[in-house]
């Protein structure tokens, strides 16, 4: 595991489009199909990363709360599943069902979507407004496996609450930190 921060994609960037396989529905899903009325949260996660595991239940709680308020959540795994079998589509599906994901869990087999988003780590969070313009990128909250902070999603939810108030989220945003994306060789 290599501790890696987010790349902090430029605010205002338009969300790169994609069509990826959803391991739960077993269908191809596009950003156009999945975007939310009030905004779209794209999160790069995987099954084996301890930083993701530490906050995964809180992610699901936040997603349940905010999908009811017009946001969509889209999880993407771009890890090399051959080198990391825990991150295979079959294992992704098991995780999504076990944790009761109410959002798609997409597999980026070619890793082109992760590259388009300049994703660097898991977890990595991006919030786009209703026009798919980037307004937040960075950490879920300050909880890490090595500290005593309980995951609450404060940084992410502050951005979502700002959008609900029709305001821009604070530009002071902390990068996420986690395992590097496992790029294919």
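One table, with the values for the structure above:
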{"item": "Matching residues, region 94-108, being more than 14 Å from residue 29 (Cβ to Cβ) and surrounded by 15 or more Cβ atoms within 10 Å (Cβ to Cβ)", "result": "95"}
{"item": "Sole exception among (1) in contact with a strand residue (DSSP E or B) (Cβ under 7 Å, 6 or more places away or on another chain); (2) outside any loop (DSSP other than H, G, I, E, B); (3) surrounded by fewer than 21 Cβ atoms within 10 Å (Cβ to Cβ) for residue 157, by number", "result": "(1)"}
{"item": "Enumeration of residues in region 29-53 that are more than 11 Å from the chain's Cα centre (by Cα), buried (at least 20 other Cβ atoms within 10 Å of the Cβ) and closer than 20 Å to residue 95 by Cα", "result": "47, 49, 51"}
{"item": "Selection from region 160-178 of residues that are surrounded by fewer than 21 Cβ atoms within 10 Å (Cβ to Cβ), touching a strand residue (DSSP E or B) at 6+ places or on another chain (Cβ under 7 Å) and not in a loop (DSSP other than H, G, I, E, B)", "result": "177"}
{"item": "Residue match in region 134-152 (condition: touching a residue at least 60 places away in the same chain (Cβ under 8 Å), within 16 Å of the chain's Cα centre (by Cα) and over 22 Å from residue 61 (Cβ atoms))", "result": "yes"}
{"item": "Tally, over region 143-154, of residues that are exposed (fewer than 14 other Cβ atoms within 10 Å of the Cβ) and closer than 23 Å to residue 76 by Cα", "result": "1"}
{"item": "Hits in region 58-77 - residues which are surrounded by fewer than 17 Cβ atoms within 10 Å (Cβ to Cβ), assigned to a helix (DSSP H, G or I) and either modelled with pLDDT under 95 or out of contact with any helix residue (DSSP H, G or I) (no Cβ under 9 Å at 6 or more places or on another chain) (or both)", "result": "61, 64, 67"}
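The values are calculated or read from the model by the stated rules, or taken from the named source; none is laboratory data. Given the structure is predicted, the values throughout are model-derived calculations rather than measurements. Quick reminder, even Gly has a Cβ in these numbers, built from the backbone with ideal geometry, and neighbours come from all protein chains shown.
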